[in-house]
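J.: Okay, handing you the structure first.
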Amino acid sequence: MDERPISPALKILACAMFIFLLAPLIVVVPISFSGDSYMMFPPSSWSTKWYPAIFADGKMVSAFWTSLLLAFVVTVLSLLIGLPAAYALVRLKPRGAEFLSSLFTAPLLLPTIVLGLAILIVFSGYGLLATFQGLVAAHLVVTLPYAIRVLSTALATLPIPVEEAAATLGASPLTVFRRVTLPMMRSGIVGTTALCFLVSFDEVVLSLFMTGPRISTLPVAMYHRVEQQADPLVAALSVLLVVLTLVVVLVVDRTSGLAKTFVK
Amino acid sequence: MTSRTDAPEGFLSIRSLTKRYGDFVAVDNLDLEVPKGELVAFLGPSGCGKTTSLRMIAGLVPATSGRIVVGGGDLTEVATHRRDMGLVFQSYALFPHMSVARNVAFGLEMRKVDKGEIAKRVKEAIALVHLTGKEEHRPAQLSGGQQQRVALARALVIRPSILLLDEPLSNLDAKLRDEMRNEIRDIQKRLGITAIFVTHDQVEALTMCDKVVVMNQGRLEQLGTPVELYETPKTAFVASFVGRSNRLTAVARNGAAEFAGQRIAAPAGLEGPVQVMIRPHRLGLSPASPAAADPARQQVTGTVARAIFAGDILQYDVDVGGQIVSVELATRGGESVIEPGRPVTLSWRPQDIFIYGAAA
Amino acid sequence: MSAVAPAAAMPAPLPAAERSSGLPLVVLLLLPIALVNAFGFLAPVFNLLRMSFYESQATGAMVEVYTFATWASVLRDSFYAELILNSILVSLGITLMTLVCSYPIALYLHRSSGTWRTILLVLVISPLLTSAVVRTYGWVAILSENGLVNNALGAIGIAPLKLMFNKTGVVIGLTEILMPYMILALLAGFGRLDPRVEEAASTLGAPPWKVFRHIVVPLTMPGIALGSLLCFVLAVSSFITPKLLGGGRVFLLATEIYDQAIVTLNWPLAATLSILVLVIFGGALVLYTRALRAIM
Ligand SMILES: Nc1ncnc2c1ncn2[C@@H]1O[C@H](COP(=O)(O)OP(=O)(O)OP(=O)(O)O)[C@@H](O)[C@H]1O
Ligand SMILES: [Mg+2]
């Protein structure tokens, strides 16, 4: 590629901005090994005590399991609901398909603070507040638009003749979908899975409206913890979460190319 | 020539097949009988409805009206996957996530053929298209010609009642295209498969196929053997689309058209302006005022407008009464090129000239 | 809030059998998502509109009578006028900061290539995939009394700065949080930036900064507009960072909505403020389309 040479001024500026962008993620690593009992940077002594402390904290552990189960259930449901819907919208093209697509992705346009309040008010009437089912339903509202969007794009870019070829070879519509369409959508499905999982696992605003003393998710528990006492335990937990995110990102990158998923 | 109505009922029988997209008629009342074991070409310009016809036969597009009957059974309402037809797509449409062997095996798996039999037939099919050794390759690891052959093997291995090929050679280079042409023809003959071959390349249609259907704007223009099409084109469209023709105008009166002073017998019923077609290489050319005219040949005089030496042939554009007539002469070596502006005589055998009503 | 994915370009032909049973199948496939959409989105949003016309009582109970009381009090009370203005100004400031900080990164990314570019791109995207709570916590570590900045200042004998529990902290934190969105939006808009055009300007005698001012900036204007819209909208509605870095001392629309909904339990008021947020969104969108038309 014949790119323009990058001027030193731009290099320095970009480098400085990168440091700014990554500073909060970098800084939690040393803090997580702090020996102090409250947060201070740089720490006055070092230890690894905060990592085991996470697992000793019953609230955090149960919130973690809730988040993990929640993200899992939400991801599975997003695929189960999103895949048929994307297929219907892209392939069967009912009248008003475009309108329906916009409607189904519209929740993304609403700020989560507004959506959270709206859902809080309605769900309180159904007794869904501070329940696992309520959390699942609320998260689905925001993960499904992502699922629809990624899966629709994946479907729309599939070559239709390949499916037709399968039909001429004797595959029934269901078999075509199972043996040809689905495998060819693999990268779209992996992308959707990762995206829904991370969105649900990291979701905090909606969850704040939906949780209570009885049930909490990890980001909510962390939020309350930071609000009260920003101690190094949160840093240790953050490091674990960043590692978890990295693992997910690497898996996606292996199968579908992360850059492609985010930058068209 | 036999008339269409007493043609024997074919193995594949297409009756009044029509496809409309809104007001647009993509395929207009297509009637066709294909006997068992024949290779029939659908030939026509881009957009004339070849692919649409093929897709209707395969059941990928529902017909607006008309029937498709194979071996006596009406398939018009039958879903694609129950039609038992092998379709080779122009784009190959291989399954990108499966190996060559899995691609070829797919149709057999759908037919619940048992494992041992599948392995045997896949091996045979792959050998048939000269791809032995490439079984475990993915389509992306194959060249265009190899992918093409996988597509062919995949369609053949199910022993379809009818093989449909949609411009399967158009993505290949000239050399590979020649090879594949022969290969497809050989395989089709050897296995005795009834096949339809869609193309817009007349050479492909004439050299490979038993019969050719010439289509234009959704309609069947003529059905015949390559020789029939070339020697007795029924319409001006066929005359100009199959091979090349000079397309001249003349006026017909009392059963004869007059062209540059030469009277040419015209089909009964033609009056007024007509089109006169003659192929450039069926014309003879000699320097002006022939002393002894061949009584079996008709002739006119004109002036050379342009002479082009193209190696194998010598092409003259001759001005005959204001119309340009192209003449192609095979070069033998040693002939002298006639200069532009010189008078010449053009001659032809009466059976080489065709007269049609004026174009609408 | 990124651009909606392009719809399928080609009409999708289907086997005849499937088409004939098309309608019920479509309905069946779309039913689950329609249910989620209706109960999790349409009904709640509609209900929110209605709620803003309910009457709230001191006990926190609501009366289902339609009244403009909440709206009247919000529109009349100078506290809310200030809150709205404050939110808009802070968000505009954050947007500007984000743009200034993101532009060099985006330009650098646009001009780099290969593996290096991929690595940098992953670095840009990774924060996006990390919880806002984690990143805000990182900022607490940097900005707090005992944090990185103040300890560094202390080491060279400078009095500590108050960087947290005020607008400064909120602006710094949110700027960083929103940078990935801005960078991606800018990158998407940089497609029109052809290196040859810049070279042409240089050969015509323009010094680098003039090339930047007269060629690069105008050509990247659509990306700037899109990124700014995105960041403004996200800033107005963000809540976690203002809450944690503002420590309850920075009053913004989003934090007020949460407090009214969860602490005070004045749902009609929270609903009314939510709708105001949506109105601000609408205004930003109108400005954006106007700006885009002016640029193009
Ligand atoms: N789904 C459709 N909707 C509307 N018109 C269509 C559709 N499919 C095909 N057509 C039209 O029908 C006509 C015939 O198309 P078809 O694909 O059969 O042409 P073709 O003979 O195969 O041409 P080519 O040689 O270019 O492949 C074209 O004019 C095309 O525009
Ligand atoms: Mg075609």
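The values are calculated or read from the model by the stated rules, or taken from the named source; none is laboratory data. Just so it is clear, the structure is predicted and the values come from calculations on it, not from any experiment. Here the Cβ positions follow ideal geometry from the backbone for every residue, glycine too, while neighbour counts run over all protein chains shown. Heavy atoms of the whole protein, side chains included, go into the accessibility calculation; ligands, DNA and RNA do not. Shrake-Rupley method; radii C 1.70, N 1.55, O 1.52, S 1.80 Å.
J.: Can you tell me which residue is surrounded by the fewest Cβ atoms within 10 Å (Cβ to Cβ) among those in region A:3-43 that are at pLDDT below 85 and facing chain C (nearest Cβ under 7 Å)?
T.: A:Glu3
J.: Another question, if that's okay. Considering B:Val213, B:Val203, B:Val150, which residue is within 16 Å of ligand 1 (Cβ to nearest atom), open to solvent by less than 10 Å² (accessible area, probe 1.4 Å) and among the aliphatic types (A, V, I, L, M)?
T.: Only one candidate qualifies: B:Val213.
J.: Inspect all residues belonging to region C:191-198 and state whether any of them is of a type in the set (Lys, Arg) and surrounded by 14 or more Cβ atoms within 10 Å (Cβ to Cβ).
T.: No, region C:191-198 contains no residue that is of a type in the set (Lys, Arg) and surrounded by 14 or more Cβ atoms within 10 Å (Cβ to Cβ).
J.: Suppose we filter B:Leu87, B:Leu54, B:Leu17 for residues that are touching a strand residue (DSSP E or B) at 6+ places or on another chain (Cβ under 9 Å), open to solvent by less than 10 Å² (accessible area, probe 1.4 Å), within 16 Å of ligand 1 (Cβ to nearest atom) and assigned to a strand (DSSP E or B); which single one remains?
T.: Step by step, each of B:Leu87, B:Leu54, B:Leu17 is checked, and only B:Leu17 is touching a strand residue (DSSP E or B) at 6+ places or on another chain (Cβ under 9 Å), open to solvent by less than 10 Å² (accessible area, probe 1.4 Å), within 16 Å of ligand 1 (Cβ to nearest atom) and assigned to a strand (DSSP E or B).
J.: Right, something else. Within the bounds of region B:268-278, is there any residue that is open to solvent by 10 Å² or more (accessible area, probe 1.4 Å) and either under 15 Å from B:Trp348 (Cα atoms) or among the hydroxyl-bearing types (Ser, Thr, Tyr) (or both)?
T.: no
J.: Could I ask something else about it? Do you know which residues across region C:127-155 are within 18 Å of A:Val247 (Cβ to Cβ), assigned to a helix (DSSP H, G or I) and at the interface with chain A (Cβ under 7 Å from one of its Cβ atoms)?
T.: Matches in region C:127-155: C:Pro127, C:Val134.
J.: While we're here: Inspect all residues belonging to region A:227-234 and state whether any of them is surrounded by fewer than 20 Cβ atoms within 10 Å (Cβ to Cβ), within 8 Å of chain C (Cβ to nearest Cβ) and modelled with pLDDT of 80 or more.
T.: Yes, the conditions are met somewhere in region A:227-234.
J.: Out of B:Glu124, B:Glu109, report the one residue that is more than 28 Å from B:Ile68 (Cβ to Cβ), free of Cβ contacts under 8 Å to residues at least 60 places away in the same chain, open to solvent by 50 Å² or more (accessible area, probe 1.4 Å) and part of a helix (DSSP H, G or I).
T.: Being more than 28 Å from B:Ile68 (Cβ to Cβ), free of Cβ contacts under 8 Å to residues at least 60 places away in the same chain, open to solvent by 50 Å² or more (accessible area, probe 1.4 Å) and part of a helix (DSSP H, G or I) holds for just one of B:Glu124, B:Glu109, which is B:Glu124.
J.: Now for a different question. With a cut-off of at least 1 residues that are within 30 Å of B:Met85 (Cα to Cα) and without any contact (Cβ under 8 Å) to a residue 24 or more places away in the chain, name the helices (runs of 4 or more DSSP H) lying wholly within region A:106-205.
T.: A:160-168, A:173-176
J.: Of the residues A:Leu100, A:Leu129, only one is surrounded by fewer than 23 Cβ atoms within 10 Å (Cβ to Cβ), more than 18 Å from the chain's Cα centre (by Cα) and more than 9 Å from chain C (Cβ to nearest Cβ); which?
T.: Residue meeting the stated conditions: A:Leu129.
J.: Shifting gears a bit: Return the residue satisfying two criteria in turn: it lies in region B:37-51 and is closer than 14 Å to B:Gly218 by Cα and assigned to a strand (DSSP E or B), and of such residues it is nearest to ligand 2 (Cβ to nearest atom).
T.: B:Phe42
For (1) among the hydrophobic types (A, V, I, L, M, F, W, C); (2) under 25 Å from B:Ala256 (Cβ atoms); (3) assigned to a strand (DSSP E or B), each residue gets a yes or a no:
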| site | (1), (2), (3) |
| --- | --- |
| B:Gly269 | no, yes, no |
| B:Gln275 | no, yes, yes |
| B:Ser286 | no, yes, yes |
| B:Asp294 | no, yes, no |
| B:Val318 | yes, yes, yes |
| B:Gly334 | no, no, no |
| B:Phe354 | yes, yes, yes |
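J.: Please go through region C:243-254 and give me each residue that is buried (at least 22 other Cβ atoms within 10 Å of the Cβ) and either in contact with a His (Cβ under 9 Å, 6 or more places away or on another chain) or over 17 Å from A:Gln228 (Cβ atoms) (or both), ordered by number.
T.: C:Leu252, C:Leu253, C:Ala254
This table checks each residue for (1) open to solvent by less than 80 Å² (accessible area, probe 1.4 Å); (2) at pLDDT below 90.
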residue: C:Lys162; (1), (2): no, yes
residue: C:Lys167; (1), (2): no, no
residue: C:Ile172; (1), (2): yes, no
residue: C:Met179; (1), (2): yes, no
residue: C:Leu186; (1), (2): yes, no
residue: C:Gly189; (1), (2): yes, yes
residue: C:Thr203; (1), (2): no, yes
residue: C:Val211; (1), (2): yes, yes
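J.: Hey, another quick one. Looking at region C:246-289, which of its residues are of a type in the set (A, V, I, L, M, F, W, C) and under 18 Å from C:Glu55 (Cα atoms)?
T.: Matches in region C:246-289: C:Ile257, C:Ala261, C:Ile262, C:Val263, C:Leu265, C:Trp267, C:Leu269, C:Ala270, C:Ala271, C:Leu273, C:Ile275, C:Leu276.
J.: If you take just the helices (runs of 4 or more DSSP H) that sit entirely in region C:219-296, which of them hold at least 1 residues that are among the acidic types (Asp, Glu), within 11 Å of another protein chain (Cβ to nearest Cβ) and under 27 Å from C:Ile172 (Cβ atoms)?
T.: Here the list reads C:253-258.
J.: Name the residues in region B:67-84 that are in a strand (DSSP E or B) and either of a type in the set (A, V, I, L, M) or more than 14 Å from every other protein chain (Cβ to nearest Cβ) (or both), would you?
T.: B:Ile68, B:Val69, B:Val70, B:Gly73, listed by residue number.
J.: Now a separate question. Of the residues B:Val276, B:Val344, B:Val327, B:Val300, which is at pLDDT 85 or above, over 26 Å from B:Pro233 (Cα atoms) and in contact with a Phe, Trp or Tyr (Cβ under 8 Å, 6 or more places away or on another chain)?
T.: Working: B:Val276 fails: over 26 Å from B:Pro233 (Cα atoms); B:Val327 fails: over 26 Å from B:Pro233 (Cα atoms); B:Val300 fails: over 26 Å from B:Pro233 (Cα atoms).
Only one candidate qualifies: B:Val344.
J.: Sticking with this one: Have a look at A:Ser200, A:Ser207, A:Ser216, A:Ser172 and point out the one that is polar (S, T, N, Q) and within 14 Å of chain B (Cβ to nearest Cβ).
T.: Numbers: A:Ser200 fails: within 14 Å of chain B (Cβ to nearest Cβ); A:Ser207 fails: within 14 Å of chain B (Cβ to nearest Cβ); A:Ser216 fails: within 14 Å of chain B (Cβ to nearest Cβ).
Going through A:Ser200, A:Ser207, A:Ser216, A:Ser172 in turn, the sole match is A:Ser172.
J.: What are the residues in region B:57-66 that are within 16 Å of ligand 2 (Cβ to nearest atom) and in a loop (DSSP other than H, G, I, E, B), if any? Give the derivation first.
T.: Step one: list which residues in region B:57-66 are within 16 Å of ligand 2 (Cβ to nearest atom), which gives B:57-58, B:60-61.
Hits for region B:57-66 are B:Leu60, B:Val61.
J.: Restricting attention to region C:243-259, which residues are modelled with pLDDT of 90 or more and within 30 Å of C:Thr67 (Cα to Cα)?
T.: Once the filter is applied, which keeps residues that are modelled with pLDDT of 90 or more and within 30 Å of C:Thr67 (Cα to Cα), region C:243-259 yields C:Leu252, C:Leu253, C:Ala254, C:Thr255, C:Glu256, C:Ile257, C:Tyr258, C:Asp259.
J.: Follow-up question, since we're still on this one. Filter region A:61-96 for residues that are facing chain C (nearest Cβ under 7 Å) and not in a helix (DSSP H, G or I) and give the result.
T.: Within region A:61-96, A:Lys93, A:Pro94 meet the criteria.
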